[in-house]
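The values are calculated or read from the model by the stated rules, or taken from the named source; none is laboratory data. Worth saying up front: this structure is predicted, and the values here are computed from it rather than measured. Every residue, glycine among them, receives a Cβ derived from its backbone with ideal geometry; neighbour counts consider all protein chains shown. Each accessible area value is taken on the protein alone, full model and side chains, heavy atoms only, with ligands, DNA and RNA left out. Shrake-Rupley method; radii C 1.70, N 1.55, O 1.52, S 1.80 Å.
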Amino acid sequence: MKYTGSVMAIDPSGRGKDETAYSIVKILNGFIYVHACEGLTGGYDEDTLEKLAKEAKKHKVNFILVESNFGDGMFTQLLKPVLNKVYRVTCEEVRHSIQKERRICDTLEPVMNSHRLILDRKVVENDFDSTRHLPPEKALRYQLMYQMSRVTRHKGALAHDDRLDVLAMAVSYWTEQ
């Protein structure tokens, strides 16, 4: 069966060692399928913007959510022209005001407890492979599986939470629908 819809969530990198993270999540019959969840080292550079647009096209994304908490929409304005060249899709910004860790847990916990979150095996493999260039003590902290298994509702529970945050953004989109 064809998926009912496909959404891409993007969290642009801020300052420091953050990644530009993205997640592509599809829905079918109330089940949420994770097709991609990665972090890119670039921030606002052309390569990063093109990679995001190509991934949206590859997965036939219907809608893109971009976190706007930092940069006041600058990332979205840079992404839109690239999307217009590569793959035309609606792109909107999302602003969060709730504590990040609590928001992530409140979004993912009910979906995971009801066994409605399904990860493609390639997502887990790519997650592991994507950090091989980092020293082992740092690599784990950037991985989605590490972030997912260690998040708590306490502020600052994770040093890096970019990948888990975009997954929660995409899942939240579908649970609200």
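Mind grabbing the accessible area of Asp47 for me, 1.4 Å probe, Å², rounded to tens?
Counting only protein heavy atoms, Asp47 exposes about 120 Å² to solvent.
Listed here are the pairs Lys51/Lys100; Lys122/Lys155; Lys100/Lys122; Lys26/Lys122; Lys26/Lys60; Lys51/Lys155; which of them are more than 20 Å apart at the Cα? Each step should come with its number before you reach the end.
Values: Lys51/Lys100 26 Å; Lys122/Lys155 30 Å; Lys100/Lys122 27 Å; Lys26/Lys122 15 Å; Lys26/Lys60 10 Å; Lys51/Lys155 31 Å.
Flagged as over cut-off: Lys51/Lys100; Lys122/Lys155; Lys100/Lys122; Lys51/Lys155.
Using θ = phi - 60° and the Karplus curve 6.51 cos²θ - 1.76 cosθ + 1.60, what whole-Hz ³J(HN,Hα) does each residue of the stretch 141-157 get, with Gly and Pro shown as x?
Per-residue couplings from phi come out as 5, 8, 7, 4, 5, 5, 4, 5, 7, 10, 5, 9, 7, 7, 4, x, 4 Hz.
Multiply the residue separation of Val124 and Met1 by 0.36 nm, subtract the distance between their alpha-carbon atoms, and state the gained length in nm to one decimal.
Numbers: separation 123, 0.36 × 123 = 44.28 nm, distance 2.35 nm.
Gain in length upon complete extension: 41.9 nm.
In a shell of Cβ-Cβ distance under 13 Å around Val61, excluding Val61 itself, what net charge do Lys and Arg (+1) and Asp and Glu (-1) give? Show your work: numbers first, answer last.
Details: positive: Lys26, Lys54, Lys57, Lys58, Lys60, Arg88; negative: Glu55, Glu92.
Cβ neighbours under 13 Å give a net charge of +4.
For His59, His133, give me the order by solvent-accessible area with a 1.4 Å probe, most accessible first, ignoring ligands, DNA and RNA. Don't skip to the end; give the middle numbers.
Numbers: His59 25, His133 125 Å².
Of His59, His133, the descending order of accessible area is His133, His59.
Return the long-range amide H neighbours of Gly42 (sequence gap of 5 or more, or a different chain), with a cut-off of under 5 Å between placed amide H atoms.
Result for Gly42 returns Thr20.
Counting only DSSP beta bridges with both residues in the chain, tell me the antiparallel percent, nearest 5.
On the way: 16 of 28 bridges.
If I count the DSSP bridges inside the chain, around 55 percent turn out antiparallel.
Within the accessible area of the stretch 51-103, what % is carbon and sulfur when the probe is 1.4 Å and the other protein chains stay in place?
On the way: 1600 of 3160 Å².
The value for the stretch 51-103 is 51 percent carbon and sulfur by accessible area.
How big is D, in µm² s⁻¹, for the chain by Stokes-Einstein at 10 °C and 1.306 mPa s if Rh is the Kirkwood radius over C-alpha pairs? Please report the intermediate quantities before stating the final value.
Numbers: Rh = 16.2 Å.
D, rounded to a whole number, is 98 µm²/s.
So for the stretch 94-177, taking the charge dipole from beta-carbon charges (+1 Lys/Arg, -1 Asp/Glu), which of Val94, Trp174, Ala157 sits furthest toward the positive end?
My answer, from the dipole projection, is Ala157.
Towards the positive end of the charge dipole of the stretch 1-134, with charges on Cβ (+1 Lys, Arg; -1 Asp, Glu), say which of Val34, Tyr44, Leu108 has the farthest Cα.
Positive-most Cα among the choices belongs to Val34.
Please arrange Phe31, Phe63, Phe128 by accessible surface area, largest first, computed with a 1.4 Å probe and ligands excluded. Don't skip to the end; give the middle numbers.
Details: Phe31 70, Phe63 30, Phe128 110 Å².
Descending accessible area places them as Phe128, Phe31, Phe63.
Using the Karplus curve 6.51 cos²θ - 1.76 cosθ + 1.60 with θ = phi - 60°, what ³J(HN,Hα) values do you get for each residue of the stretch 120-131, in whole Hz, with x for Gly and Pro?
Those phi angles translate into 5, 4, 5, 4, 5, 5, 5, 4, 5, 5, 5, 10 Hz.
Output the Kirkwood hydrodynamic radius of the stretch 83-177, Cα pairs only, in Å rounded to one decimal.
Values: mean 1/r = 0.0672 Å⁻¹.
Result for the stretch 83-177, one decimal place: 14.9 Å.
Using only the Cα atoms of the stretch 78-137, each taken as one equal point scatterer with no solvent, compute I(q) by the Debye sum, divide by I(0), and report log10 of the ratio at q = 0.14, 0.16 Å⁻¹.
Taken in order of the listed q values, log10 I(q)/I(0) reads -0.85, -1.04.
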